[in-house]
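The next block holds one structure in the form of structure tokens; read it before the comments.
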There are 2 protein chains.
Amino acid sequence: MPRKRIVIVGGVAAGPAAAAEARRADPSSEIILVEKGSDISYSACEMPIYIAGDLNGVDQLVRFDAASFAGRFDVMVRLQTEVERIDPDTRHLEVRDASTGTRERIWYDALVLATGMRAHVPAALQAASHHVLTLRSLEDARVFRGRLDRDPTGHAVVVGAGYVGLDGVDALSRAGWRVTLLASSGRIMASGLDLSMSDHVVQWLTGSGVAVRPERATGLDVSPDGRIKAVRTDAGERIGCDMVLVATGTRPNDELARDAGISCRDEGGIVVTDTLQTSVPSIWACGDVAAFTDVITGTVFSVPLALNAFRSGRVAGRNAARGGRGRPRRMPRVVHAAAVSVGNLEIAHTGWSFDEARRAGLDVVAADVRHRSASSNAPNRPLHVRLVVEKKSRKLVGGQLVGQEGAAQRINTLTALIRTGATIEDVYALDYVYTPRLAPAHDPLFVAARQIQKILDGS
Amino acid sequence: MPRKRIVIVGGVAAGPAAAAEARRADPSSEIILVEKGSDISYSACEMPIYIAGDLNGVDQLVRFDAASFAGRFDVMVRLQTEVERIDPDTRHLEVRDASTGTRERIWYDALVLATGMRAHVPAALQAASHHVLTLRSLEDARVFRGRLDRDPTGHAVVVGAGYVGLDGVDALSRAGWRVTLLASSGRIMASGLDLSMSDHVVQWLTGSGVAVRPERATGLDVSPDGRIKAVRTDAGERIGCDMVLVATGTRPNDELARDAGISCRDEGGIVVTDTLQTSVPSIWACGDVAAFTDVITGTVFSVPLALNAFRSGRVAGRNAARGGRGRPRRMPRVVHAAAVSVGNLEIAHTGWSFDEARRAGLDVVAADVRHRSASSNAPNRPLHVRLVVEKKSRKLVGGQLVGQEGAAQRINTLTALIRTGATIEDVYALDYVYTPRLAPAHDPLFVAARQIQKILDGS
């Protein structure tokens with residue numbers, strides 16, 4: 001009788017976490033990690049540092065290469081191996097070796113899907129040009145850096161003002177390129193920031209020499225030799241440029257799961273239980289391709305964040321290895337919290353923005369406060385805070401921070417409060433530290449909480 | 001019939017907050033703020049910045065001078081007025097004007113005691129020398145700065161390694177003085193930090209040229225003309241010096257309350273209800289002289305922190321103004337959280353240390369983790385974390401952080417978790433932001449939580 005075999009598909013973040021945890025949970029199983037690309041276990045979020053030219057090589061982004069991962073965790077790693085089909089009835093995968101083109105069938109006892117997301121490039125921006133880039137895989141980063149190595153300066157248009165777009169702006173600016181950012185909604189990080197906070201970011205970007213335009217890219221002008229010439233926009237403009245970064249969003253790689261009859265959300269993403277089982281027996285899902293449950297509303301959504309990938313990978317790997325034996329691990333509900341840095345600006349949000357909360361049917365109130373990162377008697381920076389609170393329950397449902405100091409770390413405090421169902425009174429009652437050179441007597445979060453209380457109490 | 005009269009004793013932080021809030025709650029009462037010194041409404045915590053020479057004048061520490069406070073809040077401010085006795089039966093104070101020596105009786109309808117704390121100087125260190133200083137009042141700061149203006153350099157011995165001692169070390173070092181710190185227990189911030197974390201601070205101080213000695217000061221050598229010559233220690237040493245800062249702790253100024261029959265703790269501090277009423281009708285207490293209730297254990301303790309002073313001042317002021325009318329404001333329970341900066345080092349703690357928790361009878365476990373403030377691919381600093389968790393309930397009861405970046409702000413996140421009764425699973429489940437240049441993929445708090453789980457689960 002052969003050993004139990006656990007197959008994990010996807011090698012960036014969740015997959016390796018699942019493989020390592022499966023090994024810890026089960027020393028004897030055979031574990032196979034299948035990856036369609038050439039790299040595993042890398043820090044996609046740190047690619048902008050490499051692109052900016054601040055690392056010695058792309059290797060610094062790789063936590064484990066395939067050989068060392070295989071050796072350390074006793075896992076068979078198969079690179080450049082694309083899964084074309086899952087057959088849940090016979091528990092087989094049909095895979096294709098990208099280098100040789102040969103196909104084979106691989107059986108499994110337990111399957112973990114960690115296929116992640118891909119950059120979504122609208123049809124109008126799909127051009128046969130080596131100057132139109134995306135930023136999702138390590139290969140993207142190599143291409144991007146290679147481009148900057150050849151042309152140390154130029155003008156880039158970044159299409160899309162979410163995390164990836166801002167990462168691109170940061171990397172390109174640090175690398176010495178001039179940058180135009182197309183924010184089609186006129187908003188920065190529109191899913192996380194309300195307009196008032198987005199405007200602070202626009203102001204900083206503009207002051208830093210980044211041209212921010214509230215336009216949508218409608219097409220590309222590419223010369224016959226494949227060079228990009230311009231980006232066309234819905235304002236009828238032609239923006240001449242030497243490079244385009246398309247950062248118009250991501251899509252879960254859930255087609256493999258859909259084709260196998262695994263339940264997926266209409267908006268994309270595999271539906272999972274809190275033990276990360278899919279709708280099909282013996283198949284688990286984790287990482288960006290899985291949909292998680294929101295702490296605040298209990299709704300299910302895609303939250304492509306590295307820590308969720310790692311956390312869910314560990315849960316799926318353990319449960320897949322243990323099968324029905326023992327108490328399963330559970331994926332906690334999540335708060336969507338993220339922080340981005342652009343130059344010396346910190347941008348952070350957690351939970352629901354005012355606009356998103358309203359769209360979700362919550363009756364909310366918000367307050368904006370401008371305060372300082374430290375005492376006025378010490379070096380300090382302005383810090384903008386916005387809190388969002390549900391009117392009736394007075395519960396904190398979201399927070400946003402923008403400033404050149406102390407924004408990113410403060411967001412974790414708000415996330416902790418949101419997770420635990422804190423009311424605005426709890427936000428006000430918190431024992432914020434006061435350290436003149438590090439935090440003002442009245443912390444910006446304390447001041448913002450007071451402001452919300454005044455609004456709610458009509459005083 | 002005369003207007004209702006509210007008298008508030010003590011003008012540093014809690015007193016002015018109480019007076020301002022009493023005025024907001026009651027536009028018509030007569031409000032009198034009585035202060036024995038010459039200053040009100042100043043930021044005692046920022047005096048080290050002034051002493052270091054980083055401010056233009058002592059005025060930058062004063063939020064309101066007496067005249068502007070009186071005008072803004074319609075409050076009569078009486079400076080240099082010492083309350084000698086409270087007569088609760090007839091609702092009178094006996095006061096003495098320090099400048100003229102005249103005594104008078106002042107009646108009140110409602111009395112708020114915000115008499116604060118004073119520096120405690122052991123008998124052996126009470127010397128008639130203008131080179132032996134304390135650091136509690138604005139007058140102390142003026143004397144201290146005057147001393148440094150006369151002698152821009154020299155050797156100071158700081159006796160005591162709590163907040164005030166560290167503030168003194170920071171100010172003196174920035175001012176260009178050589179410093180020896182006597183930490184009698186061999187520990188830095190012994191009530192907040194366990195030995196392992198204290199040792200990181202000692203290492204940093206030593207590396208920065210501060211001599212840290214685990215000795216107790218037993219006496220002073222003063223020349224006949226009042227100059228300090230040396231500090232004697234229990235190791236039989238004589239440490240020659242030009243100045244001594246005595247920072248051996250504080251004591252609540254509760255004698256006035258005790259003499260009036262108001263209940264006080266044996267250890268010092270006025271006993272109050274959660275509406276900040278004392279045991280005597282029509283008398284409230286707030287600020288450092290009042291004892292507050294700990295979130296974790298429900299025990300009552302002294303927590304001399306500026307935010308508590310402000311918060312409790314507002315509660316006492318409102319309740320004193322409203323008397324029995326309407327729903328009273330309540331002082332929330334508190335978590336003892338504080339952060340101090342010395343040079344570029346951040347030291348922070350919240351809740352209970354391992355040693356203090358054990359002394360209080362809690363069965364706890366602790367873990368130390370050394371991690372980084374940001375990704376290893378970006379500029380980063382080491383960050384030391386210690387978490388303390390109650391074994392049976394798995395609840396977080398304390399946290400300590402020491403490092404050159406990100407310690408102070410992370411402590412608020414732990415405080416939020418402690419306040420809400422979070423378990424170590426909640427600390428692990430938190431959605432920490434990952435922003436390579438600002439926070440590593442696995443936040444130090446996340447890593448420390450995992451470490452505690454391993455210890456608790458014996459894995």
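I'd like to know if the range B:392-400 contains one or more residues that are β-branched (Val, Ile, Thr) and away from chain A (no Cβ under 13 Å).
Yes, some residue in the range B:392-400 is β-branched (Val, Ile, Thr) and away from chain A (no Cβ under 13 Å).
Look through the range A:282-311, keep the residues that are buried (at least 24 other Cβ atoms within 10 Å of the Cβ), assigned to a helix (DSSP H, G or I) and small (Gly, Ala, Ser), and return whichever of them is farthest from the other protein chains (Cβ to nearest Cβ).
Once the filter is applied, the top-ranked residue is A:GLY287.
Considering A:ARG227, A:ARG213, A:ARG265, A:ARG232, which residue is within 22 Å of the chain's Cα centre (by Cα) and either assigned by TED's automatic domain parsing to the domain that holds A:ILE347 or of a type in the set (Lys, Arg) (or both)?
The conditions single out A:ARG265.
From the list B:ALA366, B:ALA360, pick out the single residue that is in the same structural domain as B:VAL427 (by TED's automatic domain parsing), modelled with pLDDT under 95 and in contact with a Phe, Trp or Tyr (Cβ under 9 Å, 6 or more places away or on another chain).
Testing whether each residue is in the same structural domain as B:VAL427 (by TED's automatic domain parsing), modelled with pLDDT under 95 and in contact with a Phe, Trp or Tyr (Cβ under 9 Å, 6 or more places away or on another chain) leaves just B:ALA360.
Condition check: under 22 Å from A:LEU414 (Cβ atoms), crowded, with 21+ Cβ neighbours inside 10 Å, free of Cβ contacts under 8 Å to residues at least 60 places away in the same chain and outside the structural domain of A:HIS384 (by TED's automatic domain parsing). Does A:LEU276 satisfy that?
So A:LEU276 does not fit the description; no.
With respect to B:ARG314, determine if the residue is buried (at least 18 other Cβ atoms within 10 Å of the Cβ), more than 20 Å from B:VAL335 (Cβ to Cβ), basic (Lys, Arg) and in contact with a Lys or Arg (Cβ under 9 Å, 6 or more places away or on another chain).
no
Out of B:ASP54, B:ASP97, B:ASP39, B:ASP89, report the one residue that is of a type in the set (D, E, K, R) and in contact with a helix residue (DSSP H, G or I) (Cβ under 6 Å, 6 or more places away or on another chain).
The unique qualifying residue is B:ASP39.
Answer yes or no: is there a residue in the range A:83-95 that is under 30 Å from the mean Cα position of the chain (by Cα), more than 14 Å from chain B (Cβ to nearest Cβ) and of a type in the set (S, T, N, Q).
The answer is no; no qualifying residue exists.
Condition check: more than 13 Å from chain B (Cβ to nearest Cβ) and either more than 24 Å from A:ALA408 (Cβ to Cβ) or out of contact with any Leu (no Cβ under 7 Å at 6 or more places or on another chain) (or both). Does A:GLY343 satisfy that?
No; evaluated as a whole, the condition is false for this residue.
For residues that are in a helix (DSSP H, G or I) and in contact (Cβ under 8 Å) with a residue 60 or more places away in the chain, scanning just the range B:441-453, find the one that is nearest to B:ARG386 (Cα to Cα).
Out of the qualifying residues, it is B:ALA448.
What do you reckon, is B:ARG437 farther than 17 Å from A:LEU445 by Cβ and at the interface with another protein chain (Cβ under 7 Å from one of its Cβ atoms)?
Taking the combined requirement at face value, the residue satisfies it.
Just name the residue that is nearest to B:GLY298 (Cα to Cα) out of those in the range B:359-387 that are within 14 Å of another protein chain (Cβ to nearest Cβ) and among the charged types (D, E, K, R).
The residue in question is B:ARG372.
Quick one: in the range A:199-217, which of the residues that are in a helix (DSSP H, G or I) and either without any contact (Cβ under 8 Å) to a residue 12 or more places away in the chain or among the basic types (Lys, Arg) (or both) is farthest from A:GLY249 (Cα to Cα)?
A:GLY207
Quick check on my filter: what residues within the range B:32-63 are over 26 Å from A:SER376 (Cα atoms), in contact (Cβ under 8 Å) with a residue 60 or more places away in the chain and either within 14 Å of another protein chain (Cβ to nearest Cβ) or of a type in the set (A, V, I, L, M) (or both)?
B:ILE32, B:VAL34
Scan the range A:343-365 residue by residue and report those that are closer than 22 Å to A:SER185 by Cα, surrounded by fewer than 24 Cβ atoms within 10 Å (Cβ to Cβ) and more than 19 Å from the chain's Cα centre (by Cα).
Selection gives A:ASP355, A:ALA357, A:ARG358, A:ARG359, A:ALA360, A:GLY361.
Please report, ordered by residue number, the strands (runs of 3 or more DSSP E) entirely within the range A:73-149 with at least 1 residues that are exposed (fewer than 13 other Cβ atoms within 10 Å of the Cβ) and not aliphatic (A, V, I, L, M).
A:81-87, A:103-107
The values are calculated or read from the model by the stated rules, or taken from the named source; none is laboratory data. This is a predicted model, so every value here is computed, not measured. Using ideal geometry, Cβ is built from the backbone for each residue, glycine included, and neighbour counts are taken over all protein chains shown.
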